[in-house]
Every structure is written in C-alpha cells, then in structure tokens.
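The values are calculated or read from the model by the stated rules, or taken from the named source; none is laboratory data. Computed from a predicted model, the values in this text were never measured in an experiment. Here the Cβ positions follow ideal geometry from the backbone for every residue, glycine too, while neighbour counts run over all protein chains shown. These accessible areas exclude ligands, DNA and RNA; they are computed on the full protein's heavy atoms, side chains included. Shrake-Rupley method; radii C 1.70, N 1.55, O 1.52, S 1.80 Å.
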Amino acid sequence: MELLWPGLLILQMFCFINGYPNGAPSGACEDMLPRHSGVLPQPSPAPYTILTNARVFQPGKPITVTIVGPKYRGVLLEARIGGGLNAVGTWQRPPPDTKFLQCAHNPRGAVTHSNTNLKGNSTVYSWIPPNCEGPVYFMATVAQQRTVFWVNIRSMDLTRGKTGGLDLAVGASAGMAEGKPLLPLVICFLILNILA
C-alpha cells in the first residue's frame, strides 16, 4: 500500500505534463501551440477548414464559426486582426464540450475544449466582433488526439461592413463550402427584375 501512493502521484504528474484534456493553457493564446510534451504539430496540410456565415462583420453583430473536417477532440479558436497575435472580440456561450479561455486579458477571448469528447462539423461557435477596422480572421489549433494536431489553421479574412449593407454568406452548403458568395442567386434576382 505504501508503494501505491508514490506510483499514483507519478502517474498523475505524467498525465499533467503530457497533455491538456481539459483545455488549452492560457500560455497558448499567442503561438497556438498546445504544449503536448515531446509532440510536434503535423507537417502536412490540415484536413480542417474554418468557415464563417459572412465575409463582412459589423461590431456587435454575431458571426457564426464552424471547423469543418474530421471529428476532433481538442481545439483552440480565436479571432485576430491583421498580423497581430492577440485575440480580439468575445465569444458567446461556448458549445457543449468547450469553454472560454482568457486571452489578452479578455475572459472570453478564445474557446478551447473542456474535455476530450469528439467534436465535429455540427459544433458551432458564435463570436461578437469588437469595434475595429479589420480585416479580421480566425485562427485555430485542432487536435484529433494528443499526438496528432495542426496549428495555425486560418480562415478567410472578414472585412468591416457598413450598417444595413448586404452580407454575402460563406457557409457549409455545397455551393459555398469553398467560400463562394451567393453570386448565382444575385444574378437571378437581377435578371428577374430586368424582365419584369
């Protein structure tokens, strides 16, 4: 029994050193590295894409963000401006199996995993833009497991729009999965108005 306690203590320390099953540490906010001891990011292109529901943002108007690709267990997601390293804006209520992570003195500056349950294409994040000029983009680190993860996955840039302007969506439907705007729909609308 006396040998059991030191063994359990060593095992617990080993688990703590080798991964963060309850979320990324705040030290990962800038470089997006998960701090998995002895493990490097995957050198291959990430099998994930960050999609947003709009290419244009307005301060205070929520933007929906989805990470599309194979199911994943770990995530660190934040928004940035230009070439900066600080997380900007605030995230709304995190989806199941995720939580807020304080970055750049903002208690809701990023979202990370709260456990290693699988997350996937149906996991939707909601972000509130700050009053800034932009462009804004999203950065993510996504881990399929402790030893298989990709860093610096970047979305397309979002530009600041005018209040009341027309936003072109970038979503997960087949016609827009590659970031194509709703151009065919706009053309049909214009043709119908000309013929009328």
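Only a single criterion out of (1) in a strand (DSSP E or B); (2) over 27 Å from T159 (Cα atoms); (3) not hydrophobic (A, V, I, L, M, F, W, C) is not satisfied by P21, namely (1). Of all the residues in the stretch 25-62, those that are β-branched (V, I, T) and over 28 Å from I128 (Cβ atoms) number 1. Only one entry of P45, P107, P59, P70 meets the criterion of being closer than 22 Å to T159 by Cα and more than 14 Å from the chain's Cα centre (by Cα), and that entry is P59. Counting only residues that are closer than 22 Å to P43 by Cα, part of a strand (DSSP E or B) and not aliphatic (A, V, I, L, M), the stretch 138-165 holds 8 of them.
Taking every residue in the stretch 69-91 that is over 11 Å from V111 (Cβ atoms) and open to solvent by 30 Å² or more (accessible area, probe 1.4 Å) and pairing it with any residue that is hydroxyl-bearing (S, T, Y) and part of a loop (DSSP other than H, G, I, E, B), at least 6 positions away or on another chain, the pairs with Cβ-Cβ distances below 8 Å are P70/Y48; R73/T116. Scanning the stretch 34-47 for residues that are within 18 Å of T123 (Cβ to Cβ) and open to solvent by 50 Å² or more (accessible area, probe 1.4 Å) returns a single hit, P47.
For the stretch 132-147, the criterion of being of a type in the set (V, I, T) and under 12 Å from the mean Cα position of the chain (by Cα) is met by at least one residue. Restricting the stretch 48-68 to residues that are in contact with a Gly (Cβ under 7 Å, 6 or more places away or on another chain) and outside any loop (DSSP other than H, G, I, E, B) leaves a set whose member that is most open to solvent (accessible area, probe 1.4 Å) is T49. Output the residues belonging to the stretch 78-115 that are over 20 Å from V68 (Cβ atoms) and polar (S, T, N, Q). Answer for the stretch 78-115, where residues must be over 20 Å from V68 (Cβ atoms) and polar (S, T, N, Q): N86, T90, Q102, N106, S114, N115. The set of residues in the stretch 122-137 that are of a type in the set (V, I, T) and assigned to a loop (DSSP other than H, G, I, E, B) contains only T123.
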